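The structure appears below as structure tokens.
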Amino acid sequence: MVATDGTKGTFSMFMRKNEDFPENFSIGLTYRPDDGTSEITLLRCNGKHGVFNGSGSDPNHPHFDFHIHKASEQAISAGRTAEKFADRTTEFASYEQALQHYVKVVKLNSRDASKYFPLEVQSEIGFTD
């Protein structure tokens, strides 16, 4: 994918869904700068996956619900991965809805949609131009 604002580097989308637990998924956007520095995950739309990443058994932790990770200066300054912190969301409640949310947030255009998604998925999502 290519940024429309002229940002140098490459952007990649990733999608994962657990076959046994479909509510455990991740859809995200990664940026690889042209200057050779490390890639940065800018966004992850995630499903429920409970105990993970030091969350213990706290049901109020975002990983126990649908949640979004966004890159932040706070995380980078703390020496963490850019998208370390997460917030619960009501923007989606399934993998399919998370994909629609992702497309809206990253403003994926129809050119990239036709390149990366089969036609049957394109009609369900409603890509932008």
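Bear in mind these aren't lab numbers, they're just calculated from the coordinates by the rules spelled out. As the structure is a prediction and not an experimental result, all values here were calculated from the model. Neighbour counts run over all protein chains shown; Cβ positions are idealised from the backbone, glycine included.
Out of the range 8-50, which GluC sites (Glu not before Pro) are coil in DSSP terms and have no more than 12 other C-beta atoms within 10 Å?
Answer by residue number: 19.
Between the range 62-101 and the range 27-50, what's the alpha-carbon centroid distance in Å?
10
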